[in-house]
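First up is the structure itself, then whatever we jot down about it.
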Amino acid sequence: MGCGRVGATLAQSLEARGHSVAVIDQNPEAFRRLDADFGGNRVTGLGFDRETLLQAGVEDAFAFAAVSDGDNSNILAARVARETFGVDNVVARIYDPHRAEIYQRLGIPTVATVRWTADQVLRRMLPMGATHEYRDASGRVVIAQIDVHPGWIGTTVARIEEQVRARVAYLTRFGDGMLPTSQTLLQEHDLLHVLATAEDVPRVERLLTHAPQPEEA
């Protein structure tokens, strides 16, 4: 739902990956953002209206994304798709980060665009820190990318986990994700992605952005 720049890009990306796509927007002029060769269904109407959703094929949908420019419309449409039509995979774009946290706790995955943008800017301004990349439906468990002090380079994943008391979810090395073993050594320019509770991330961040404690003899 929503054929703005995000919605049009998302729809075309999904179609390019071989998926069947329907795009809903209450303004028919919005469909001009789609490429001329876009083969998906264009449905004019409100994304939280039952008849509009049925016309778009919601009963057979694997996933539903509400990415219009209205928080209320997005969350309402996402809830109708999930609760009325049983679509398991839904996501809502939310501009207000405080609302996003509430909806996350209600089990509606959200993308809080303001917070995401702010996090990306901060990461480039202040490279030492943590950025939440995933948060579970309860809002308690996160995967966070955490910058590490150069002193951690050459340290095994097992020792990192032992010292910070958190799990290493995965590494990004030269742009590719990898699942490390306990003996994988952290290399220069690796991106470290840690699995932890939300309240524990600041503690893990403090440890990783400082040099590790020396190993006992």
Legend entry - FRET efficiency, Ala211 to Ile102 (Cβ-Cβ, R0 41 Å, nearest 0.05): 0.60
Inset, instruction - Return the calculated 222 nm mean residue ellipticity for the chain, to the nearest 500 deg cm²/dmol, obtained by summing -39500 (n - 2.57) across DSSP H runs with n ≥ 4 and dividing by the residue count. - result: -8500 deg cm²/dmol
Inset, instruction - Rounding to the nearest 20 debye, state how big the charge dipole of segment 5-116 is about its Cα centre with +1 on each Lys and Arg Cβ and -1 on each Asp and Glu Cβ. - result: 300 debye
Inset, instruction - Could you list Asp136, Asp71 in order of exposure, starting from the residue whose Cβ has the fewest other Cβ atoms within 10 Å? - result: Asp136, Asp71
Inset, instruction - Can you pull the one-decimal nm distance between simple spin-label points at Asp37 and Tyr95, each 7 Å off the Cα toward Cβ? - result: 3.5 nm
Legend entry - Percent RCO, i.e. relative contact order, over the chain, from Cα pairs under 8 Å lying at least 6 residues apart: 13 percent
Inset, instruction - Return the FRET efficiency for the residue pair Leu185, Ser20: r is the Cβ-Cβ distance, R0 is 45 Å, and the value is rounded to the nearest 0.05. - result: 0.55
Inset, instruction - May I ask you to compute the full-extension gain from Tyr134 to Gln55, defined as 0.36 nm times their residue separation minus their alpha-carbon distance, rounded to one decimal in nm? - result: 25.2 nm
Legend entry - Convex hull of the chain built on C-alpha atoms - directionally averaged projected area, nm²: 13.7 nm²
Inset, instruction - For a label point 7 Å from the Cα of Ser13 along Cα→C-beta, name the residues of segment 58-81 whose backbone N is under 16 Å from it. - result: 63-68
Inset, instruction - Within 10 Å of each residue's Cβ, count the other Cβ atoms and sort Glu188, Glu101, Glu83 from fewest upward. - result: Glu188, Glu83, Glu101
Legend entry - DSSP-defined beta bridges in the chain - what % are antiparallel, rounded to 5: 65 percent
Inset, instruction - Taking the Cα centre of the chain as origin, sum charge times position over the Cβ atoms of Lys and Arg (+1) and Asp and Glu (-1), and report the length of that vector in debye to the nearest 20. - result: 260 debye
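Rule-based calculations on the coordinates, nothing more; no lab input. Since the model is a prediction, treat every value here as computed from it, not as a measurement. Methodologically, a virtual Cβ is constructed for each residue, glycine included, from the backbone with ideal geometry; neighbour enumeration extends over all protein chains shown.
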